[in-house]
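Just below is one structure, and these are the notes that go with it.
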Amino acid sequence: MNRKSIVFLLTLFFSALAVSAQSFRVFMKSGVVEQYECAEVDSLVFDEPQLTSPTFGLSCTDITMTSALLSVIPDDDNVRYYFDCVTMDQYESSNENIASIVEGYITHLQQNYPMLSLADILDALLSTGPASDEVKGLPAATDFVFYAIAVNDEGKCYGEASTIAFRTLQGGNPEDCTFEISYANVSSSALTVLVTPSDDSVPYWMSIAACDDYPGDKAMAMNVKEAIEEYATSKGMTVEQVVKGVTFTGACSSEESGLQPNTSYYIYVYAMDENGDSAGKMYKKKFTTLLTDYSDADVSLKYRFFNGDDLYALDAEKYAKTKGRVYIQAIITPNEAAANWALALAQNDLTDEQAYPEEATKNAVLQGGFLNVTEKFFVADWTTCTFLYFAADAAGIDGPLKRLLVTFDPVNARPVNELETMDAPASIKRIPQVLSRRSSSVISRRFTTLKQRRRTFRPSIF
């Protein structure tokens, strides 16, 4: 029975007493009996039982420039609790109130994930018994407060928080930091950018700019700083606060969208100091978006190959071109969405999407390959080759280009008696090393606003 129900029932009880009794007695567990006059009592309120305040043993080990191992041992393994770390600045700005930090975080999650119940959120966040977690992506040379506090089923903290302080190690020199840039999942309007720095402690800026609009490395860094300063002014923040919010540390995987089709861009990355200035060399990687997004049209490929010398021995006239070479049988099966498809076999490894961009390679397949075949024979050298094939739907929208790398070795050739269907062999098609590209459109995608990026370590104050 909840507190309101108890008070309501007591009110009814005293209303009845007003009619039938002048006083009442309270029998204490100690044996003492207290008697009260009903006319003198306004109401009785029973306080809810207070949860005991658990304590937590905290330890922080394996501290590096950007990470630390946080470990908790509670005095009661049945207590549910939350643990994390915040910067000393965040801790002090909250008036050292850990409960407000944690409850604010829970409220933030409820607002941003309305499809989840409070119980689901608490089950995901809270721990019981001994627990540990390696927190990564922390800023170097920074003071932190590691805390643990009990949380009830309503998402409210109770008891005193246990806290200890620690400091991450001094970071490296930003000028010495190098960056590896790659990308994946390129479409007509988006891609995934992957950045790996040589020093995880160095904050860095990463963004994308159209090649036609790129003003040069120095000018671009100046444009970014101006945008940071303007954003800080408009939001009443310091430049240092904005820099901390928009830079990355450690390896980054970022989904970038809003790009134009069939357009060349630079991914550009550089170390950034607390003032928003470039603190090292600019690194760039060029890519081109697809002309269109993929359709569901697709084809599958099966193949087998035979020793051309064995076939030549059977019929020197028919298989005159196979002597000293490999004879390949390819079977193509389109899916229901495929209205047209193309197949080619190219000598060498053409699986590098940056060296052989998809749109240009598709054009080469259309020019030098075979259309709408379900079976095709090729003659090639005993070497590494690449099958290239794709399909298009009835509307003319392509599916993805598939690349299958194969190394033909006489040891793995099939017996010639397995060759059932005979057809005139096609010579291998060589895909040019320099591939023509479809014409690019010119766009203007100048940087005007600052993108907010989620920090690598878990947010704590909202």
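The values are calculated or read from the model by the stated rules, or taken from the named source; none is laboratory data. Keep in mind the model is a prediction, meaning the values are calculated, not measured. When we count neighbours, we look across all protein chains shown, and the Cβ atoms used for this are built from the backbone with ideal geometry, even at glycine.
Here THR64 passes the criteria (1) modelled with pLDDT of 90 or more; (2) exposed (fewer than 15 other Cβ atoms within 10 Å of the Cβ) except the one numbered (2).
Each residue in region 143-189 was checked for being assigned to a strand (DSSP E or B) and under 30 Å from GLU103 (Cα atoms), and 20 of them qualify.
Within region 306-334, residues that are at positive phi have Cβ atoms under 9 Å from residues that are outside any strand (DSSP E or B) and of a type in the set (Ser, Thr, Tyr) in these pairs: GLY324/TYR312, counting only partners at least 6 apart in sequence or on another chain.
Checked against (1) over 19 Å from LEU70 (Cβ atoms); (2) of a type outside the set (S, T, N, Q); (3) out of contact with any Gly (no Cβ under 7 Å at 6 or more places or on another chain), GLU103 passes all but condition (3).
Among the residues of region 347-355, is any surrounded by 18 or more Cβ atoms within 10 Å (Cβ to Cβ) and of a type in the set (Val, Ile, Thr)? Checked against the condition, which is being surrounded by 18 or more Cβ atoms within 10 Å (Cβ to Cβ) and of a type in the set (Val, Ile, Thr), region 347-355 yields no hits at all. The set of residues from region 324-343 being hydrophobic (A, V, I, L, M, F, W, C), outside any loop (DSSP other than H, G, I, E, B) and under 35 Å from the mean Cα position of the chain (by Cα) comprises TRP341, ALA342, LEU343.
Inspect all residues belonging to region 378-400 and state whether any of them is polar (S, T, N, Q), outside the structural domain of LYS284 (by TED's automatic domain parsing) and crowded, with 19+ Cβ neighbours inside 10 Å. Taking every residue of region 378-400 in turn, at least one turns out to be polar (S, T, N, Q), outside the structural domain of LYS284 (by TED's automatic domain parsing) and crowded, with 19+ Cβ neighbours inside 10 Å.
Checking the stated criteria, VAL243 turns out not to satisfy the condition of being part of a helix (DSSP H, G or I), within 28 Å of GLN354 (Cα to Cα) and within 25 Å of the chain's Cα centre (by Cα). For region 382-431, which positions are under 30 Å from TYR294 (Cα atoms), at pLDDT 80 or above and of a type in the set (Lys, Arg)? Residues satisfying the conditions are LYS402, ARG403.
Scanning region 364-381 for residues that are touching a Lys or Arg at 6+ places or on another chain (Cβ under 8 Å) and modelled with pLDDT of 90 or more returns GLY369, PHE370, VAL379, ALA380, ASP381. The criterion of being touching a residue at least 40 places away in the same chain (Cβ under 8 Å) and within 24 Å of PRO215 (Cα to Cα) does not hold for SER295.
Restricting attention to region 203-217, which residues are in contact (Cβ under 8 Å) with a residue 12 or more places away in the chain and either more than 11 Å from GLU274 (Cα to Cα) or in a strand (DSSP E or B) (or both)? TYR204, TRP205, MET206, SER207, ILE208, ALA209, ALA210, CYS211, ASP212, ASP213, TYR214, ASP217, listed by residue number.
With respect to SER162, is the statement that it is surrounded by 14 or more Cβ atoms within 10 Å (Cβ to Cβ), modelled with pLDDT under 90 and of a type outside the set (Lys, Arg) true? No: the conditions fail for SER162. Picking from residues in region 178-192 that are surrounded by 15 or more Cβ atoms within 10 Å (Cβ to Cβ) and at pLDDT 95 or above, the one that is nearest to THR87 (Cα to Cα) is PHE179. Report yes if some residue within region 89-106 is surrounded by 14 or more Cβ atoms within 10 Å (Cβ to Cβ), more than 25 Å from the chain's Cα centre (by Cα), in a strand (DSSP E or B) and not polar (S, T, N, Q); otherwise report no. No, there is no match, as no residue in region 89-106 is surrounded by 14 or more Cβ atoms within 10 Å (Cβ to Cβ), more than 25 Å from the chain's Cα centre (by Cα), in a strand (DSSP E or B) and not polar (S, T, N, Q). Yes or no: region 236-256 includes at least one residue that is modelled with pLDDT under 95, over 28 Å from ALA140 (Cβ atoms) and in contact with a helix residue (DSSP H, G or I) (Cβ under 8 Å, 6 or more places away or on another chain). No, region 236-256 contains no residue that is modelled with pLDDT under 95, over 28 Å from ALA140 (Cβ atoms) and in contact with a helix residue (DSSP H, G or I) (Cβ under 8 Å, 6 or more places away or on another chain).
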